[in-house]
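The values are calculated or read from the model by the stated rules, or taken from the named source; none is laboratory data. Values in this document were obtained by computation on a predicted structure and should not be read as measured data. Methodologically, a virtual Cβ is constructed for each residue, glycine included, from the backbone with ideal geometry; neighbour enumeration extends over all protein chains shown.
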Amino acid sequence: MLCYLSFVSVVFSVLSLYAPALSQTDAQPSATAQSASDGMVLVPGGEFAMGCNESVDSECEDDEKPQRQVSVPTFQIDRTEVTVEAYRQCVNARGCSTPQADTTGRGSCNWPLSGREKHPINCINWNQAEAYCAWVRKRLPTEVEWEKAARGTEGRVYPSGESWDITKANVAEAYDGFKDTAPVGSFPEGASPYGALDMAGNVWEWTADWYRNGETRMLRGGSWVDLPRRARTSRRLGSRPDSVLDDVGVRCAR
């Protein structure tokens with residue numbers, strides 16, 4: 001009997017040595033690991049300064065003021081704008097409708113153009129953007145979430161910092177060799193504090209919120225068409241939900 005008890009004691013001692021490793025292996029991945037695995041970045045919850053800070057930003061618009069403290073829960077947001085390639089998968093699976101034809105006359109809708117699979121999907125309306133995010137089991141970010149992901153808790157004027165740098169975003173003044181949109185992630189030095197890319201320039205991004213209730217939906221981020229002042233983290237713009245523009249795309253949140 002004593003021998004049996006001694007044997008059991010030894011077995012439990014050995015198992016206890018491996019218990020931590022086993023529990024770590026079986027545990028669910030952290031939020032950070034999940035975000036890295038599916039192209040998202042983690043934005044911790046808490047307060048941040050939302051709106052334009054007139055003491056450091058001379059471009060403040062009336063609808064960006066006043067700057068105030070806003071709290072938001074932890075969330076994740078796509079590291080990049082949704083690409084043509086990703087949106088095409090949704091269309092092929094019949095989860096999304098085909099983007100409409102170019103209505104601007106500039107020939108810059110990426111869907112029918114060859115070699116644009118890594119460019120952001122554009123020329124989609126708000127409903128198409130919402131449908132895509134739902135298809136990938138995500139959602140459109142709120143305006144508050146979008147702004148925190150872009151500027152962090154430091155109240156940055158631009159995602160990359162306080163000062164404008166033409167090498168860090170695809171806007172009209174960049175002279176970067178791109179006729180219109182650029183492949184997503186082409187400006188890694190322009191990353192936001194949480195690692196989100198192209199939150200300034202490339203394409204405006206649909207959000208979940210209304211700008212004018214019942215009339216226009218909120219766009220954020222500026223685009224390849226715009227001058228830097230429209231790519232500031234506090235800049236707001238509304239567009240009709242059914243509008244189809246070659247400088248508007250989407251990124252999703254969760």
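Remarks
- Any hit, the range 99-109, residues being under 24 Å from Val43 (Cβ atoms) and touching a residue at least 60 places away in the same chain (Cβ under 8 Å): no
- First in the range 235-252 and over 13 Å from Val84 (Cα atoms) and in a loop (DSSP other than H, G, I, E, B), second anywhere and modelled with pLDDT under 95 and of a type in the set (S, T, N, Q), Cβ under 6 Å, 6 or more apart: Val244/Gln100; Val244/Thr103
- Evaluation of Trp206 against (1) within 18 Å of Leu237 (Cβ to Cβ); (2) in a helix (DSSP H, G or I) (one fails), failing number: (2)
- Identity of the residue in the range 174-190, in contact (Cβ under 8 Å) with a residue 60 or more places away in the chain and of a type outside the set (Lys, Arg), that ends up surrounded by the fewest Cβ atoms within 10 Å (Cβ to Cβ): Gly185
- If you go through the range 154-191 and keep only what is more than 19 Å from Arg235 (Cβ to Cβ), β-branched (Val, Ile, Thr) and in a loop (DSSP other than H, G, I, E, B), you end up with just Val184.
- Qualifying residue in the range 207-222 (condition: surrounded by fewer than 24 Cβ atoms within 10 Å (Cβ to Cβ), of a type in the set (Phe, Trp, Tyr) and under 26 Å from Ala134 (Cβ atoms)): yes
- Out of Asp78, Asp57, Asp63, sole residue that is surrounded by 13 or more Cβ atoms within 10 Å (Cβ to Cβ), at pLDDT 95 or above and more than 23 Å from the chain's Cα centre (by Cα): Asp57
- Whichever residue in the range 191-206 is in contact with an Asp or Glu (Cβ under 7 Å, 6 or more places away or on another chain) and hydrophobic (A, V, I, L, M, F, W, C) and, among such residues, is surrounded by the fewest Cβ atoms within 10 Å (Cβ to Cβ): Trp204
- Number of the exception - Gly51 against (1) of a type outside the set (Phe, Trp, Tyr); (2) on the phi < 0 side of the Ramachandran plot; (3) surrounded by 14 or more Cβ atoms within 10 Å (Cβ to Cβ): (2)
- Annotation note: Cβ proximity below 6 Å between a residue of the range 41-65 that is farther than 14 Å from Arg229 by Cβ and without any contact (Cβ under 8 Å) to a residue 60 or more places away in the chain and a residue that is among the hydroxyl-bearing types (Ser, Thr, Tyr) and not in a strand (DSSP E or B) (sequence gap 6+ or interchain) occurs for Pro44/Thr74; Gly45/Thr74.
- Where Ala129 falls short, out of the listed (1) in a loop (DSSP other than H, G, I, E, B); (2) within 19 Å of Cys252 (Cβ to Cβ); (3) in contact (Cβ under 8 Å) with a residue 40 or more places away in the chain: (1)
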